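The values are calculated or read from the model by the stated rules, or taken from the named source; none is laboratory data. Quantities reported herein were computed from a predicted structural model and do not represent experimental measurements. FYI the Cβ positions are ideal-geometry reconstructions off the backbone, even for glycines, and counts take in every protein chain you see. Just so you know, the surface numbers come from the protein's heavy atoms only, side chains and all, with ligands and any DNA or RNA stripped out. Shrake-Rupley method; radii C 1.70, N 1.55, O 1.52, S 1.80 Å.
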Amino acid sequence: MKLSALTFGFGALSAVIPFFNMEAFIAVAYAQSNHHPLWLAFIGSLGQNTGKLVWFYLCRGALDIPWLQKRLDTPKRQAQYEKWADFVEGRPVMSGILTFISAAVGFPPFFAMAMIAGTLRMNAAVFFLTGLIGRTLFFWVLLTGVGLIFR
C-alpha cells in the first residue's frame, strides 16, 4: 500500500516538475517489489495524469497573458490557432487519439501535450482518460521489460 501511494505521489510530482524521472522511479520500485506490473503501471499513470492536469488547467488561461496575446495578434498566427482549436473542439476522437499516442510513445512529448491541450481547451475528460490509458500502457511495457531482466 505504501509503494502504491508513493508511486502515485511521485507520478504527480514528476508530471508537474519534469526534473523528477518517473520512468526510473517506477522501474526501480517494481524491481524491488512484488507488485503486479499492470497495477503499478496504472497507479503511476494515475499520478502522472493527475499532475498533468495542473499544466492542463494552468494553460487554459495562457491566452489571457498580454505578451501571448501580442504574439497571436498577427492574422497568420490567429488563423493557425483557430485551425487547431477547431480541430480539437470538433473532433474529440482525434484529439483523444493524439493524446493517447503522446502518452503511450512520448511523441509529441506528453508534458508539452498537456500544455497544448489546455491552451486549445481540449475536453478535460478526453485528455485525462486517453492519457491514463496511454501512460498505463507505456509504463506496463517498461515494467514488463524490467521484469524480464530483474525477476
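What the table shows:
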quantity	calculated
Alpha carbon convex hull of the chain, projected area averaged over orientations, nm²	9.2 nm²
Pairwise FRET efficiency - PHE20 versus ILE149, Cβ, R0 = 25 Å, nearest 0.05	0.65
Whole-number accessible area per residue in Å² for region 112-151, which is evaluated in the context of all protein chains at 1.4 Å	49 Å²
